1. Please indicate, with yes or no, whether at least one residue in region A:34-41 is modelled with pLDDT of 95 or more and within 16 Å of ligand 2 (Cβ to nearest atom).
2. Within the group B:His53, B:His45, which residue is more than 16 Å from B:Ala98 (Cα to Cα), modelled with pLDDT of 95 or more and within 14 Å of chain A (Cβ to nearest Cβ)?
3. Within region A:24-45, identify whether any single residue is more than 9 Å from ligand 1 (Cβ to nearest atom) and among the acidic types (Asp, Glu), and answer yes or no.
4. With respect to B:Ile25, is the statement that it is away from every other protein chain (no Cβ under 11 Å), in contact with a Cys (Cβ under 7 Å, 6 or more places away or on another chain) and buried (at least 17 other Cβ atoms within 10 Å of the Cβ) true?
5. Could you check region A:70-92 and list, in sequence order, the residues that are among the charged types (D, E, K, R) and within 12 Å of ligand 2 (Cβ to nearest atom)?
6. Would you point out the residue of region A:4-18, among those that are without any contact (Cβ under 8 Å) to a residue 40 or more places away in the chain and assigned to a helix (DSSP H, G or I), that is most open to solvent (accessible area, probe 1.4 Å)?
7. Given the structure, is A:Val69 surrounded by fewer than 17 Cβ atoms within 10 Å (Cβ to Cβ), under 14 Å from the mean Cα position of the chain (by Cα) and more than 9 Å from ligand 1 (Cβ to nearest atom)?
8. Against the definition (more than 9 Å from ligand 1 (Cβ to nearest atom) and either away from chain B (no Cβ under 14 Å) or open to solvent by less than 10 Å² (accessible area, probe 1.4 Å) (or both)), how does A:Met1 come out, yes or no?
Amino acid sequence: MEFKFAIEGGNFSKAGSASSEVKKILKQLNVNPKIIKRTVVSLYEAEVNVVAHAFEGNMNVDIDTDKIVVKIEDKGPGIPDIDQAMQEGYSTASPQVREMGFGAGMGLPNIKRNSDQMNITSKVDVGTELEIINYFG
Amino acid sequence: MIVQDIVEKLGLKVCSGANGLNREIEGGYTSDLLSDVMGNADENHVWVTLQTHKNIMAIASLKELAAIVLVKGYEPEADAAEQSNEEGIPILSSEEEAFELTGKLYEIINQAK
Ligand SMILES: Nc1ncnc2c1ncn2[C@@H]1O[C@H](COP(=O)(O)OP(=O)(O)O)[C@@H](O)[C@H]1O
Ligand SMILES: [Mg+2]
């Protein structure tokens, strides 16, 4: 099964809506609640990163009998140093975004902890692609 | 222990989501950093925070939290209150600061266990 959800850069009031749709689908499919929880955390963080750091993006979801594969791709500034971005506490978020409680630099580490596989590729001034894979078994 | 119990015991104001006052509480988490809550709070937890914008409801809904308690008399923004009513996840408000409120919540939730 494949699904695609658009993500708007800068629109914080909609942040989390794509992840919420995926959660509903996984619940309907009776996926193990523990795996739904992990997937929801990682998708939410990926979605918020597009909202907070990029211009626009998509969440492409592919659900198989044994796994969920999600590709979040965006057009945006890209990530110059992925190892640095992965460090707990590293954030380039603006003061306004931080005041709302985003920008703690815990997003990518949260994704790492809550996914079985995580792959990031990024090109500066073009965009970022993040792949998250969680197995149901 | 349900949300209504902490409303009564701590004299909290019910700002929105009154249709969820019978939700079960099993613990809590206190933080104003959204990723921290996303990563560490769990289902049926009460969340103590000073954040009042709509994203707190996105998190409460995704994590299936029992309720949100705002500190220092803060009130939810209109769109947050609206989503709280739709989802039946209450947003409550306390006059106290996070430290005092968390201490009291910790005590009553653990007594009930
Ligand atoms: N999709 C993205 N586009 C551009 N930069 C990103 C993206 N995702 C993450 N980053 C960069 O990686 C940093 C760390 O991300 P994260 O751990 O989620 O923390 P936070 O979002 O709180 O800053 C961000 O501050 C940003 O510089
Ligand atoms: Mg982030």
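The values are calculated or read from the model by the stated rules, or taken from the named source; none is laboratory data. Since this is a predicted model, take the numbers as computed values, not measurements. Here the Cβ positions follow ideal geometry from the backbone for every residue, glycine too, while neighbour counts run over all protein chains shown. Only protein heavy atoms, including side chains, enter the accessible area calculation; ligands, DNA and RNA are left aside. Shrake-Rupley method; radii C 1.70, N 1.55, O 1.52, S 1.80 Å.
1. yes
2. Answer to the selection: B:His53.
3. Within region A:24-45, none of the residues are more than 9 Å from ligand 1 (Cβ to nearest atom) and among the acidic types (Asp, Glu).
4. No; evaluated as a whole, the condition is false for this residue.
5. Within region A:70-92, just A:Glu88 meets the criteria.
6. A:Lys14
7. yes
8. So A:Met1 passes the test.
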